[in-house]
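The next block holds one structure in the form of structure tokens; read it before the comments.
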Amino acid sequence: MTRYLFVVPPLVGHLNPAVAVAAELAARGHAVAWAGLPELVGSLAGPDAEVFACDVPGAGAGSTAERPPELRGPGALKFLWEDFLIPLAEAMAPGVEAAVARFRPDVLVVDQQAVAGALVAERLGLPWATSATTSAEFTGALDGMPLVDAWISGLLTELRKRIGDPAAGTDPRFSPHLILAFTTPELAGPLAPAPLAPGSVAPGSVAPGSVAPGSVAPGPAAAPGGPIRFVGPAMTVRPTQPSFPWEWLDPDRATVLVTLGTANTDASAAFLTVCQDVLRARSGRLQAVIADPGGVLGTPEPDPDVLVLPAVPQLQLLARVAAVVCHAGHNTVCEALWHGVPLVVAPIRDDQPVVAGQVVAAGAGVRVRFGRTGAARLGQAVDAILDDPAHRDGARHVGASFRAAGGAARAAAHLEELGEL
């Protein structure tokens, strides 16, 4: 039996794959515990999950620190690191260290955005794996922004001096032992050279199609991280799900799901309103389900054409829908493509523009501009993914690669190998 400690940020999309992998490890007889926000981890991993509490400053369950809704591009990225990820790491570090002392793990499984786990592990000499819930940083997300890249590296260097091993030189976002990428090359596309640690030399990039699902990526594995294993999405039945009026669905009409995730309620009102109007105008051919966790659409009257709910059982619903309109969050995109569902992607910030580009390049959807898309453009995009079979074919192709990659079972096998070293 191996003991695994999962270190996770207070972000639903980052926890979902980890929950599936943790459940698989537990089913194989291993001991599993968590370091994170107890109420959020418990709601997703179940009431029996062993959770060691970590402080989370300036963030509620499932959301980042409050960001101005108009913040985009490099400004949003700067806010993410300076006002959320670095303070989060400093706040979590004592809780992670206490969890290690009490649980005595053999291996830590650390989300890319919970870098406290990586820095504590390296200081204590423990092996750790990266849980990469987005492939954006593998595919050149910071290409063309060398000053931003250098600024992030500087932040991490200073953070390491405070909570890690100052003598270490690896990037805490990329484990030197194992990186679990919850995607496949069919969606991620060609890999960029690895982000550089100070003094390291970039390896060559990887050509499209040269990395089989579940295999080691020969390019970015060299520096600064370890082998990248493409395992595809880690799908599992979630212990708690919101209720849904399944009888509302009309079998004679296509269903379109609209969701912007749980961290974008501050920016969602105008876009969700346009979606509501566009989809209601097509009620002769479709129904719409809109997830509105922030209640920005108010409390609509009962409607046979557009159903607005604060939360939906997304995995179960995706098996019944014909299209998804979303923010290009990696978790939502992968879950939709797993089911062979094409997408209209409207990226807002962070890694979402990169993921949206991956969807379009894979032929699995259409991209629109989040802040400047009117009813006409959005309607054209929805019509395109419903009427052009090429988009559904592209989505099914990516979905097939996901299933072949092995998901939670393959990820657990790689972690078992790490635990045996």
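Structural remarks
- Among residues of segment 7-40, those that are modelled with pLDDT under 95, among the hydrophobic types (A, V, I, L, M, F, W, C), touching a helix residue (DSSP H, G or I) at 6+ places or on another chain (Cβ under 8 Å) and closer than 19 Å to Gly95 by Cα, counted: 2
- Residue in segment 379-398 that is of a type in the set (Lys, Arg) and under 23 Å from Ala270 (Cα atoms) present: no
- Single condition Val308 does not satisfy, out of (1) hydrophobic (A, V, I, L, M, F, W, C); (2) in contact with a strand residue (DSSP E or B) (Cβ under 6 Å, 6 or more places away or on another chain); (3) surrounded by 23 or more Cβ atoms within 10 Å (Cβ to Cβ): (3)
- Number of the condition not met by Tyr4 [criteria: (1) under 23 Å from Gly125 (Cβ atoms); (2) at pLDDT below 95; (3) hydroxyl-bearing (Ser, Thr, Tyr)]: (2)
To keep it simple, each residue is scored yes or no on (1) modelled with pLDDT under 95; (2) surrounded by fewer than 24 Cβ atoms within 10 Å (Cβ to Cβ); (3) under 19 Å from the mean Cα position of the chain (by Cα).
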{"residue": "Met92", "(1), (2), (3)": "no, no, no"}
{"residue": "Asp106", "(1), (2), (3)": "no, yes, no"}
{"residue": "Ala118", "(1), (2), (3)": "no, no, yes"}
{"residue": "Thr133", "(1), (2), (3)": "yes, no, yes"}
{"residue": "Ile152", "(1), (2), (3)": "yes, yes, no"}
{"residue": "Leu187", "(1), (2), (3)": "no, no, yes"}
{"residue": "Val206", "(1), (2), (3)": "yes, yes, no"}
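- Considering residues of segment 168-185 that are modelled with pLDDT of 90 or more and small (Gly, Ala, Ser) only, the residue nearest to Leu108 (Cα to Cα): Ser175
- Out of Val278, Val274, one residue alone is in a helix (DSSP H, G or I), modelled with pLDDT of 85 or more and surrounded by fewer than 24 Cβ atoms within 10 Å (Cβ to Cβ). It is Val274.
Condition check ((1) within 19 Å of Phe182 (Cα to Cα); (2) within 21 Å of the chain's Cα centre (by Cα); (3) buried (at least 19 other Cβ atoms within 10 Å of the Cβ); (4) at pLDDT below 95) across all residues:
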site: Val360; (1), (2), (3), (4): yes, yes, no, no
site: Gly379; (1), (2), (3), (4): no, no, no, no
site: Ala395; (1), (2), (3), (4): yes, yes, yes, no
site: Val398; (1), (2), (3), (4): yes, yes, yes, no
site: Ser401; (1), (2), (3), (4): yes, yes, yes, no
site: Ala408; (1), (2), (3), (4): yes, yes, yes, no
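- Selection over segment 1-22 of residues that are outside any helix (DSSP H, G or I), touching an Asp or Glu at 6+ places or on another chain (Cβ under 7 Å) and under 20 Å from Asp351 (Cβ atoms) gives a count of 3.
The values are calculated or read from the model by the stated rules, or taken from the named source; none is laboratory data. Every value quoted in this text rests on a predicted model; they were computed, and no experiment measured them. Note that each Cβ is placed from the backbone with ideal geometry, even for glycine, and that neighbours are counted across all protein chains shown.
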